[in-house]
Amino acid sequence: MRILIGTYEICGWVSLFQKEFRKLGHHCDTVVKSRNPFYSSTYTYDSLRYQSKIRPGNRLERSFNNFIARTYLRWFVRNTIGKYDLVIYIWDTILPSFEDVEKFSKSGARIIFLFTGSDVRTFLLFSQTYDVSKWQFPDSWVKENTDTKTLYVKTAEKFADLIYSVPDQAGLQKKPYYHLQIPIDLSKFVFRNNNRRVPNVVHLPSDPWKKGTDIIEKVIGELIAEGIRINFFSYRNIRHEQMPEILQDMDILVDEIVFHGPGVLSFEAMASGCAVATRYIEDSPAVFRPPVWNVNADNIKSRLAELFRDYELQQKLIIEGRRYVEQQNDSAKVASDMLKNLANPNPPDYTI
């Protein structure tokens, strides 16, 4: 099978899926319109390849670069229609009007969409369903124009053979969908159980306002002041190649309490030998029952106190966490299962 995957490098997935599809014997090309500064990857087709460095505040140079990218991507679509059997979209389509989806579909390509977060999540619908009253959010998120996201979801639901998503971002979705299983490269995240009685605890927010970092760090500081024995580490802006070594030296990850996990970092931590505390939807379907310690803004202090004090609980989560990731999140399995589901679809995991 000839596969194309793009267009945003979310958590290294474009490159990771390319590697796994190739290992399965398929031809796989990548196309990107946005790279990720924390990942080092190369791509088959890169719309940023021919852009020049922009001087701060130079709107003319930015406009010129955007013109180059748009021209490159239109050239790419014109010259690759009919070339692929499967097109997988992550975060965005190739052209801004989403017209490439229909073009590839009419040429005979199967279509898969992976919804991964704020590509489809809207604050209005999210906040109506889940309590986020403890935080103030940027105006750009609260007052967003949802028209583009709505059209993106409608395009996916019209043309996609499969859609993968999760409930807390699915407010705009109208059709049943499959659970988005997060792919983890287990060759990079090696398990190590440190068996510490005084655990190393880490918080690694990419965007602190999206993780609930203010409450998390305040509560952990209070617990330390009250005599709970832990070694606490908090990091920012860590390149992804540093992550395996950091996580192997930790025993507990406190991840997020605004959105629902476990997300990519949580699964990487579970693979590396950490117990994970994160917000989790407990009535999730059977396909998504990870062994995590469920915390939220209301119960975080009592729940973390219990976890930090209980060595046996930590060990249970550490051991079961690695086993779960091996069974459910190995990137080779996620890629293979996606293709099997395309050939013989299972019943959807979620209905609207």
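Cβ-Cβ contacts under 7 Å between residues 6 or more apart (or on different chains), taken from a first residue in region 74-98 that is on the phi < 0 side of the Ramachandran plot to a second residue that is among the charged types (D, E, K, R) and buried (at least 22 other Cβ atoms within 10 Å of the Cβ), are listed as Val77/Asp100; Asp92/Lys33; Thr93/Asp100; Ile94/Asp100. Only one entry in Glu245, Glu256, Glu241 is closer than 23 Å to Gly12 by Cβ, acidic (Asp, Glu) and buried (at least 21 other Cβ atoms within 10 Å of the Cβ), namely Glu256.
A single entry from Val219, Val198 fulfils the requirement of being on the phi < 0 side of the Ramachandran plot, among the β-branched types (Val, Ile, Thr) and surrounded by fewer than 14 Cβ atoms within 10 Å (Cβ to Cβ): Val198. When Glu157 is tested against (1) modelled with pLDDT under 90; (2) closer than 28 Å to Leu86 by Cα, only condition (1) is not met. Could you look through region 117-143, keep only residues that are of a type in the set (A, V, I, L, M) and farther than 18 Å from Ile281 by Cα, and pick out the one that is surrounded by the fewest Cβ atoms within 10 Å (Cβ to Cβ)? Filtering region 117-143 for residues that are of a type in the set (A, V, I, L, M) and farther than 18 Å from Ile281 by Cα, the one surrounded by the fewest Cβ atoms within 10 Å (Cβ to Cβ) comes out as Val142. For the condition of a type in the set (Phe, Trp, Tyr) and either at pLDDT 95 or above or more than 20 Å from the chain's Cα centre (by Cα) (or both), Phe113 qualifies. When region 187-237 is limited to residues that are part of a loop (DSSP other than H, G, I, E, B) and of a type in the set (Gly, Ala, Ser), the one that is modelled with the lowest pLDDT turns out to be Ser206.
Working only within region 288-304, note down all residues that are surrounded by 16 or more Cβ atoms within 10 Å (Cβ to Cβ) and of a type in the set (Gly, Ala, Ser). Listed by number, the list holds a single entry, Ala297. Looking at Arg49, Arg78, Arg74, Arg62, can you tell me which residue is loosely packed, with under 13 Cβ neighbours inside 10 Å, farther than 30 Å from Val264 by Cα and either modelled with pLDDT of 90 or more or out of contact with any Gly (no Cβ under 9 Å at 6 or more places or on another chain) (or both)? Going through Arg49, Arg78, Arg74, Arg62 in turn, the sole match is Arg78.
The values are calculated or read from the model by the stated rules, or taken from the named source; none is laboratory data. Note that this is a predicted model, so its numbers are computed, not measured. As a convention, Cβ positions derive from the backbone with ideal geometry for all residues, glycine included, and neighbour counts pool all protein chains shown.
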